[in-house]
Amino acid sequence: MKYSVLGPTGIRVSRIALGTATFGVAPTAEHTDRLVGEALDLGINFVDTADVYGNMPVFDRPGAPKAADRAPAEQLLGRALRGRRDDVVIATKSNGIVGHGVNDRGLSRRHIIRQVETSLRRLDTDWIDVYYAHDPDPDTPLEQTLAVYDDLIRQGKLRYAALSNHPAWQVTHALWVADDRRLNAPVAAQVKYSLLDRAAERELAPACEALGLAIIPYAPLHGGLLADLAVLDRDVSGDQRFGAPGSPTPRSASLGRSTGTPVTGVCR
């Protein structure tokens with residue numbers, strides 16, 4: 001396994017990260033411990049999850065338990081990592097819809113603190129290594145989101161903050177705000193990136209390289225389509241793995257290089 005330094009953190013993470021979006025479906029809950037154990041044995045030390053992974057209806061598949069009967073991916077991951085927590089760098093995130101209430105999503109102080117506490121319980125850990133804003137939240141000023149991340153880092157519940165699916169201008173703005181207000185700045189930007197989707201190369205990648213942030217690609221095989229053409233014979237492939245064809249694809253992990261902007265790639 002090859003490793004890269006994660007942005008300005010000094011932490012070395014595997015260039016291949018383990019994504020958990022479909023935990024509970026593929027692999028099933030019964031096979032999760034084995035998959036995670038084998039990944040760690042192969043040298044993978046970077047695991048990507050989220051508060052909405054695993055038990056969302058969008059992941060329902062024939063032969064798998066329905067969403068209401070599945071445990072959250074974070075909970076399955078926490079169980080699988082018992083006794084090996086110190087061996088891994090865990091990244092999780094919030095902003096996805098987690099309930100029926102009007103405030104059950106977003107990047108407000110209220111929601112972030114609630115979801116961090118929920119993730120800590122599910123993961124059975126005292127801290128989260130990397131915590132992403134899963135997507136931009138147009139209803140919450142970025143200053144507020146960064147301030148609560150800073151508070152949680154100072155409390156020891158988070159080690160680092162990061163951004164996912166944010167355009168280059170928002171990543172740059174976040175760094176400016178953090179510097180201006182003396183807050184802990186985001187250390188990485190996660191983005192969908194593969195040979196079929198190279199939009200990140202236009203602005204985000206150059207910005208991260210210039211500003212010293214790690215780039216964390218997710219879906220580097222585009223839902224398996226770039227793995228083998230035989231995948232087209234499956235009932236579900238590509239973006240269909242995350243819902244109807246063409247639907248937004250959830251996030252999951254990383255790829256990296258030893259010099260320049262660290263890159264890490266998450267496969268789900």
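Couple of notes before you dig in:
- Residue pairs whose Cβ atoms lie under 9 Å apart, separated by 6 or more positions or on different chains, with the first residue in segment 24-36 and at negative phi and the second among the basic types (Lys, Arg) and open to solvent by less than 20 Å² (accessible area, probe 1.4 Å), are VAL25/ARG70; ALA29/ARG70.
- For segment 80-104, filtered to residues that are touching a helix residue (DSSP H, G or I) at 6+ places or on another chain (Cβ under 8 Å) and free of Cβ contacts under 8 Å to residues at least 12 places away in the same chain, the residue that is least open to solvent (accessible area, probe 1.4 Å) is ASP104.
- Residue pairs whose Cβ atoms lie under 8 Å apart, separated by 6 or more positions or on different chains, with the first residue in segment 149-167 and under 16 Å from ARG110 (Cα atoms) and the second open to solvent by 50 Å² or more (accessible area, probe 1.4 Å) and modelled with pLDDT under 95, do not occur.
- The set of residues in segment 178-237 being in contact (Cβ under 8 Å) with a residue 40 or more places away in the chain and charged (D, E, K, R) consists of LYS192, GLU209, ASP235.
- Scan segment 118-132 for residues that are under 17 Å from the mean Cα position of the chain (by Cα) and free of Cβ contacts under 8 Å to residues at least 40 places away in the same chain and the total you get is 3.
The values are calculated or read from the model by the stated rules, or taken from the named source; none is laboratory data. The model shown is predicted, which means the values in this text are computed figures rather than measured ones. Glycine gets a Cβ as well: all are built from the backbone with ideal geometry, and neighbour counts include every protein chain shown. What goes into the accessible areas is simple: the full protein's heavy atoms, side chains included, and nothing from ligands, DNA or RNA. Shrake-Rupley method; radii C 1.70, N 1.55, O 1.52, S 1.80 Å.
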